[in-house]
Each structure stands twice: as C-alpha cells, then as structure tokens.
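Please read the structure below before turning to the comments.
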Amino acid sequence: MRLVKIGIASVNTTVGAFQQNTDRVLGMARKMAAEDVTLGVFPEQVIAGYPAEDLVQWQGFIDHQWPELERFAKQTAAHATVYIVGVACAAVCFAKRSSSGHWWSMKPCHWTRSSA
C-alpha cells in the first residue's frame, strides 16, 4: 500500500505582489518536494494575494497571474509532488495553453494542469 503525504501551506501574501508571492510559494514547494510530499496544497488567491476584493473585477489583475503561474509550473515540473495552487479567478470559464505546453483550464476557482 502506498502512503500519501499531504503538505498544507499557510502563506503570508501581499495583494498585487505577484512575483513576491510566487517566490514564497516556490520556496515552500521546494521544501515539500524535499520532504517527499505527495500532494502540496496552497491557499486560495496565493499568487495574487488575499484578500484581493474589488481587484478581481479587473481583467488585467486576473491576467497578471498567468506568467507567475507558468513560472511556478516550470520551476516545479521536475518535482514528484503534485501541487494545488489557489488563484483569483473570474466567473468566466476558459482554457489556455501555457508557453510550457501545459493546459490550464479554469472553471470558477478550479484550475487543473495536464500535459495533453
């Protein structure tokens, strides 16, 4: 029987500090991978910062998360750990193929990554 080790992160974010927030998440992700965590879970809006409040109504604010989310994906691609990363999202459903070739699909507040 294979055991699943779950890591739950508590991240002190700053609203609008996308790069700084992602750096914090990457540091925690590296620690989780080093400790053989199977599933790493991060809080909602961890990339954009919490609470974003009215800023989530601005498409530019939502769009600014994509480069940081892709950076996270690239820097953790070699990890055996699977990560759930909370992002601010609009109430519109869409899918986008990242520059790294992964598909990011979004339903309100649900993101998935696949290599297909």
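Which of the residues belonging to region 45-55 are in contact (Cβ under 8 Å) with a residue 40 or more places away in the chain and farther than 20 Å from GLY7 by Cβ? Working first, answer last.
Taking region 45-55 and keeping what is in contact (Cβ under 8 Å) with a residue 40 or more places away in the chain, we get 45-48, 55.
Residues satisfying the conditions are ALA48, LEU55.
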**Conditions (1) open to solvent by 60 Å² or more (accessible area, probe 1.4 Å); (2) in contact (Cβ under 8 Å) with a residue 24 or more places away in the chain; (3) of a type in the set (Phe, Trp, Tyr); (4) out of contact with any Asp or Glu (no Cβ under 9 Å at 6 or more places or on another chain): number failed by TRP58** = (2)
**Item:** Scope region 17-46; condition part of a helix (DSSP H, G or I), in contact with a Phe, Trp or Tyr (Cβ under 9 Å, 6 or more places away or on another chain) and closer than 13 Å to VAL87 by Cβ; matching residues
**Value:** THR22, VAL25
**Prompt:** Do the conditions hold for PHE72, that is, is it touching a strand residue (DSSP E or B) at 6+ places or on another chain (Cβ under 8 Å), buried (at least 18 other Cβ atoms within 10 Å of the Cβ) and either at pLDDT 95 or above or farther than 16 Å from SER10 by Cβ (or both)?
**Reply:** yes
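Being in a strand (DSSP E or B), buried (at least 17 other Cβ atoms within 10 Å of the Cβ) and either within 16 Å of the chain's Cα centre (by Cα) or at pLDDT 90 or above (or both) is true for just one of GLY7, GLY49. Which residue is that?
Answer to the selection: GLY7.
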**Prompt:** Does VAL41 satisfy being of a type in the set (Val, Ile, Thr) and in contact with a strand residue (DSSP E or B) (Cβ under 9 Å, 6 or more places away or on another chain)?
**Reply:** yes
**Message:** I need the full set of residues from region 75-95 which are surrounded by fewer than 18 Cβ atoms within 10 Å (Cβ to Cβ), modelled with pLDDT of 90 or more and in a loop (DSSP other than H, G, I, E, B), in order please.
**Reply:** ALA77, ALA78, HIS79, ALA80
**Asked** Restricting attention to region 10-35, which residues are modelled with pLDDT under 95 and either open to solvent by 30 Å² or more (accessible area, probe 1.4 Å) or basic (Lys, Arg) (or both)?
**Response** SER10, ASN12, THR14, VAL15, GLY16
**Prompt:** Within the set of pairs 6 or more residues apart or between chains, which connect a residue that is on the phi < 0 side of the Ramachandran plot inside region 33-44 to a residue that is of a type in the set (Lys, Arg) and outside any helix (DSSP H, G or I) with Cβ atoms less than 6 Å apart?
**Reply:** VAL37/LYS5; THR38/LYS5
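Out of curiosity, is ASP63 out of contact with any Pro (no Cβ under 6 Å at 6 or more places or on another chain), modelled with pLDDT under 90 and open to solvent by less than 80 Å² (accessible area, probe 1.4 Å)? Give the derivation first.
Details: out of contact with any Pro (no Cβ under 6 Å at 6 or more places or on another chain): yes; modelled with pLDDT under 90: yes; open to solvent by less than 80 Å² (accessible area, probe 1.4 Å): yes.
Judged against the criteria, ASP63 is a match.
The values are calculated or read from the model by the stated rules, or taken from the named source; none is laboratory data. All figures in this text were calculated on a predicted structure; none of them were measured in a lab. Virtual Cβ from ideal backbone geometry, glycine too; neighbours counted across all protein chains shown. To get the accessible areas, we keep the full protein, side chains included, count just its heavy atoms, and leave off ligands, DNA and RNA. Shrake-Rupley method; radii C 1.70, N 1.55, O 1.52, S 1.80 Å.
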